[in-house]
């Protein structure tokens with residue numbers, strides 16, 4: 001990867017693979033609690049914690065320094081959508097607690113929150129990959145791209161430790177095998 005935006009787009013590949021798993025779970029009316037809990041963990045730790053952390057703590061503040069608005073326009077929209085995604089996850093967590101306690105009437109609510117998150121992420125990632133990141137590529141110098149990429153690598157090493165990101169990817173791949181090969 002040569003740029004910070006390519007690094008973020010690479011994260012998107014795995015986030016979209018996770019949303020594909022979620023969609024298969026929704027369509028197949030999955031009931032495996034451990035799979036649903038793993039999905040939530042991956043969203044919270046990989047998609048939101050790691051990936052959105054890189055955007056919110058590093059890329060977006062730099063874009064604001066370069067003249068983007070925090071209150072309107074693409075950065076603002078992305079931040080609002082990150083918050084909306086967190087609300088879907090919060091609902092999933094609450095409903096999974098009830099499901100864990102034996103209340104299977106909550107399954108439609110879990111599926112609804114999962115589908116809302118899926119729909120949001122497909123549109124959100126399309127906007128980032130095709131609009132915001134292309135704008136960032138135009139306004140960030142090579143040195144700024146390199147510095148952000150360096151900070152992304154440092155964040156992975158210090159906040160996530162050796163191999164943790166690969167562990168998330170392995171979990172996504174394991175879920176893919178499980179849900180796409182089951183009946």
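The values are calculated or read from the model by the stated rules, or taken from the named source; none is laboratory data. Keep in mind the model is a prediction, meaning the values are calculated, not measured. Reconstructed Cβ throughout: ideal geometry from the backbone, glycine too, with neighbour counts over all protein chains shown.
Some points to look at:
- Criterion (out of contact with any helix residue (DSSP H, G or I) (no Cβ under 6 Å at 6 or more places or on another chain), closer than 30 Å to residue 145 by Cβ and either touching a residue at least 40 places away in the same chain (Cβ under 8 Å) or not in a loop (DSSP other than H, G, I, E, B) (or both)) met by exactly one of 16, 29: 16
- Condition check for residue 114: surrounded by 14 or more Cβ atoms within 10 Å (Cβ to Cβ), closer than 24 Å to residue 40 by Cβ and either touching a helix residue (DSSP H, G or I) at 6+ places or on another chain (Cβ under 6 Å) or modelled with pLDDT of 95 or more (or both): yes
- Just one of the listed residues (85, 49) is at pLDDT below 95, part of a helix (DSSP H, G or I) and closer than 25 Å to residue 170 by Cα, and it is 49.
- Here residue 70 fulfils each of the conditions (1) surrounded by fewer than 21 Cβ atoms within 10 Å (Cβ to Cβ); (2) in a helix (DSSP H, G or I) apart from (2).
- Selection count, segment 48-103, where residues are within 18 Å of residue 22 (Cα to Cα) and in contact (Cβ under 8 Å) with a residue 60 or more places away in the chain: 2
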